[in-house]
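What follows is one structure encoded as structure tokens, with my remarks underneath.
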Amino acid sequence: MSAFLVRRLLTLAATLLAASLVIFVVVEVLPGDPARTILGPEADPEAVAALRVRLGLERPPAARYLAWVGGLLGGEFGVSYTYHVPIGGLLAERLAITLPLAAVAMALTTAIALSAGVYAAARRGSAGDVAVMALTQLGIAVPGFWFAILLILLFAVELGWFPAGGFAGWDAGIGAALRSLVLPAIALALVQAAILARVTRSAVIEVLDEDFMRTARAKGLSRRAALWRHGLRNALVAVVTVMGLQFANLTAGAVVLENVFALPGLGRLAFQAISQRDLQLVRDVVLLFAVVVVAVNFLVDLLYAVIDPRVKLSA
Amino acid sequence: MALLDVADLWAVVEAPTGEAPAVRGVSFALAHGRTLGIVGESGCGKTLTALAIMGLLPRGVHGRGRIGFAGVDLLTQPEDTLCRLRGQRLAMIFQEPMTALNPLHPVGRQVAEPLRIHRGMGQAAAYAQALRLLTEVGLDQSARRMSQFPHELSGGQRQRVMIAMALICGPDLLIADEPTTALDVTVQAHILDLVRALVDERGMALLLISHDLGVVAETVAEVAVMYRGRIVERGPVTAVLGQPAHPYTQGLMQALPRLDARRGERHRVVPGAVPPLGPPEPGCAFAARCALAEPACRTSDPPMAPAGPDHTAACIHIAAARGAWRP
Ligand SMILES: Nc1ncnc2c1ncn2[C@@H]1O[C@H](COP(=O)(O)OP(=O)(O)OP(=O)(O)O)[C@@H](O)[C@H]1O
Ligand code: SF4
Ligand SMILES: [Mg+2]
């Protein structure tokens with residue numbers, strides 16, 4: 001394995017360690033007592049104290065942190081005290097909705113943004129460019145949940161093409177399951193696509209002014225061929241960086257949109273766990289988000305090395 | 001018939017303040033297999049002249065006039081005709097070998113690309129020919145370097161790659177824009193020798209652009225001196241550099257560092273600076289900096305007038321200017 005990979009993997013592990021510490025501390029200072037939440041406000045203080053002991057809440061924080069991380073490393077996630085099911089299975093079930101949602105949204109984002117951005121850059125200053133820029137401005141200004149409501153009104157209520165919410169479940173077949181993901185994925189993608197289209201446009205414009213693009217034209221390539229063969233891959237370095245960051249935004253957006261669309265994904269789980277003070281679940285869900293984001297950024301770094309031969313040397 | 005026949009070429013820069021011509025009515029001809037240098041200070045329009053010929057003027061710069069190439073006017077040709085000519089019959093080497101190559105493609109692929117574009121050659125055949133040419137232009141360990149990337153090569157090696165890339169389809173005309181300016185002196189000499197040898201051997205026409213009179217004197221047979229978008233003097237190198245007729249050329253010659261210069265003596269430059277681009281004004285472009293300028297210089301444009309055999313200059317006092325010049 002190359003030194004580049006080893007270094008990246010070590011950074012990844014350190015990042016996750018730091019994330020777990022931050023998550024633990026934040027959850028620790030959250031107001032509210034899980035034992036009292038479980039037993040209700042009228043509960044007998046002695047019963048609450050007993051439950052606190054049973055939940056391990058009376059042990060010192062360091063011990064609880066170590067027990068948590070140690071458990072995760074051993075594949076032991078514990079049992080959710082609000083859902084009364086093993087957290088591991090719960091997370092896997094929810095991930096099976098959120099991950100496909102994010103993947104579809106990211107694919108849509110990339111497809112829309114690259115075509116719009118390259119189109120606008122290649123026609124810099126034209127009416128088409130101005131129109132694309134105006135649309136992206138709109139896409140950035142309008143919040144995702146608002147798009148979601150519009151999409152539901154139009155495609156679910158009016159046209160009835162897609163369900164307005166809920167998840168058909170993977171057992172209902174891939175088609176039905178994906179259909180329930182289409183509208184939330186579009187709502188998630190539009191904002192990100194608007195941002196990424198602007199990034200793509202400026203990256204392509206920058207590349208179009210590079211000397212090697214003039215060399216490509218001097219070889220006899222048309223403007224378009226030079227852009228495809230020499231420009232795009234160079235512009236992609238900047239685009240991929242932003243895509244990595246956007247994936248984190250997408251997961252955050254998923255928390256909101258899963259609630260709008262009543263999708264039982266990780267985001268909805270996180271929301272419910274927090275409102276019910278299921279602290280153990282909150283920690284695990286949030287850490288899982290961190291793992292996803294860190295893993296995507298690791299992939300982005302690997303992509304750099306694939307795109308740009310200079311990366312291996314400088315890393 | 002000349003291979004390249006540029007007549008009254010203008011390159012006009014669109015600026016927010018209006019149009020500013022950066023090349024103002026340049027005319028010259030270059031026959032098959034002949035060599036011409038264009039010299040002049042920075043900003044006088046050398047690169048824009050070359051890019052106009054290639055049909056690759058930057059955004060916001062427009063070419064006007066006539067650029068005859070093998071009998072057709074390039075300025076009126078459709079883009080796909082130009083694409084067929086570029087890289088095949090017309091080729092150009094750029095000043096900056098650092099940035100003129102695509103950083104993400106192996107150099108072998110870049111050198112072979114014109115063959116694939118114009119000859120529809122398969123990868124293996126095109127790569128084989130690229131390797132032969134890279135060896136011929138003196139790239140050491142050329143076989144290994146085929147798969148290397150530009151950042152793994154030195155400036156001189158990259159410029160050899162650029163040269164191979166320009167020559168691979170056997171163009172009729174090679175335009176070299178400051179091909180050695182970015183290189184250090186010893187590498188400069190090697191690259192110039194190489195260009196000279198290749199041009200001789202292949203019978204190409206060469207348009208060499210440089211601000212360096214020494215480079216021009218060593219490499220080409222004829223030279224045109226540009227000042228503020230115009231050609232002010234033209235002729236055989238020996239005549240123009242040996243007996244310059246235009247006060248500007250004389251100034252350039254005096255600015256050259258001399259081998260016999262006394263130690264510590266600062267070498268002179270042409271007094272004054274090139275005025276910024278602006279709308280065309282009447283009269284001699286050099287009048288603001290010319291020691292011989294008189295009112296008549298500022299009213300009308302001095303035409304090109306004979307200054308010797310095949311030697312012309314645009315100055316109303318060619319004879320007086322001669323007198324003012326001391327070698
Ligand atoms: N893309 C452009 N847009 C606007 N003005 C330009 C552009 N390119 C060149 N110019 C202007 O046109 C004039 C001529 O430029 P050109 O590059 O042809 O000069 P040059 O003789 O090649 O100089 P150098 O020795 O510095 O390369 C300069 O004043 C320059 O500022
Ligand atoms: S025409 Fe007049 S100003 Fe111009 S170079 Fe000759 S003497 Fe000088
Ligand atoms: Mg130049």
* Structure fact -> Over chain A, the sum of -39500 (n - 2.57) across DSSP H runs of at least four, divided by residue number and rounded to 500 deg cm²/dmol, gives at 222 nm -25000 deg cm²/dmol
* Asked: Of A:266, A:103, A:225, which is farthest on the positive side of the dipole of chain A, counting Cα position, with +1 on Lys and Arg Cβ, -1 on Asp and Glu Cβ, and the Cα centre as origin?
  -> A:225
* **Size of electric dipole in region A:87-314: Cβ of Lys, Arg +1 and of Asp, Glu -1, about Cα centre, debye, nearest 20** => 820 debye
* **Contour minus Cα-Cα distance for residue A:76 and residue A:206 (0.36 nm per residue)** => 41.8 nm
* Asked: Given labels modelled 7 Å from the Cα in the Cβ direction, how far is it in nm from residue A:158 to residue A:222?
  -> 3.8 nm
* To do: Send over the per residue convex hull volume for chain B, Cα only, as a whole number of Å³.
  => 151 Å³
* Given the rule -39500 (n - 2.57) for each run of at least 4 DSSP H residues, summed and divided by the residues of chain B, what is its mean residue ellipticity at 222 nm, to the nearest 500 deg cm²/dmol? -> -9500 deg cm²/dmol
* Asked: Comparing the chain by itself with all protein chains present, which residues of region A:197-240 are at least 30 Å² less accessible (probe 1.4 Å)?
  -> A:211, A:212, A:214, A:215, A:217, A:218, A:219, A:220, A:229, A:230, A:233, A:234
* Structure fact -> Computed D for chain A, Stokes-Einstein, Kirkwood radius over alpha-carbon pairs, 20 °C, 1.002 mPa s, to the nearest µm² per second, is 96 µm²/s
* Structure fact -> For the protein assembly as shown, one quarter of the surface area of the C-alpha convex hull, expressed in nm², comes to 40.5 nm²
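Sorted by mean Cβ packing within 10 Å, highest first, what order do the peptides A:291-302, A:179-190 take? Don't skip to the answer; put the middle values down first.
Working: A:291-302: 17.1, A:179-190: 24.2.
Output ranking for A:291-302, A:179-190: A:179-190, A:291-302.
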* Asked: What do the square roots of 5 times the Cα gyration tensor eigenvalues come to for region A:2-73, in whole Å, largest first, as semi-axes of the equivalent ellipsoid?
  -> 36, 12, 8
* Point-charge dipole on Cβ atoms (K/R +1, D/E -1) for chain B, about Cα centre, debye to 20 -> 280 debye
* Could you give the distance between the Cα centres of region B:62-79 and region B:134-154, to the whole Å? -> 36 Å
* Are there chymotrypsin sites (Phe, Trp or Tyr not before Pro) in region A:123-165 that DSSP puts in a loop and that have at most 13 other Cβ atoms within 10 Å, and which ones? -> A:161
* Using the alpha carbon gyration tensor of region A:12-156, what are the three equivalent-ellipsoid semi-axes (square root of 5 times each eigenvalue), largest first, in whole Å? -> 47, 20, 16
* Quote the charge dipole size of region A:2-73 about the Cα centre in Debye, to the nearest 20; the model charges only the Cβ of Lys and Arg (+1) and of Asp and Glu (-1). => 520 debye
* Structure fact -> Computed from the beta carbon distance with a Förster radius of 41 Å, FRET efficiency for residue A:271 and residue A:232 to the nearest 0.05 stands at 0.55
* Round to the nearest 10 and give me the degree value, 0 to 90, for the angle of helix A:174-208's Cα axis relative to the longest principal axis of chain A. => 50 degrees
* Asked: Gap in Å between the Cα centre of region A:55-75 and the Cα centre of region A:1-27?
  -> 19 Å
* Structure fact -> So for R0 = 60 Å, FRET eff. of residue A:111-residue B:296 from the Cβ-Cβ r, to 0.05, ends up at 0.30
* At a 1.4 Å probe radius, which order do A:17, B:213 fall into by accessible area, largest first? => A:17, B:213
* Asked: Lys/Arg Cβ at +1, Asp/Glu Cβ at -1, dipole of region A:2-73 taken about the Cα centre: which of A:14, A:29, A:62 is farthest positive-ward?
  -> A:14
* To do: Partner chain Cβ atoms within 10 Å, averaged over the residues of B:92-102 - can you pull that number for me?
  => 4
* Structure fact -> Summing +1 per Lys or Arg and -1 per Asp or Glu among the other residues with Cβ less than 12 Å from residue B:25's Cβ gives +3
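The values are calculated or read from the model by the stated rules, or taken from the named source; none is laboratory data. Please read these numbers as outputs of a predicted model, since none were measured by experiment. Using ideal geometry, Cβ is built from the backbone for each residue, glycine included, and neighbour counts are taken over all protein chains shown. Accessible surface areas use protein heavy atoms only, side chains included; no ligands, DNA or RNA. Shrake-Rupley method; radii C 1.70, N 1.55, O 1.52, S 1.80 Å.
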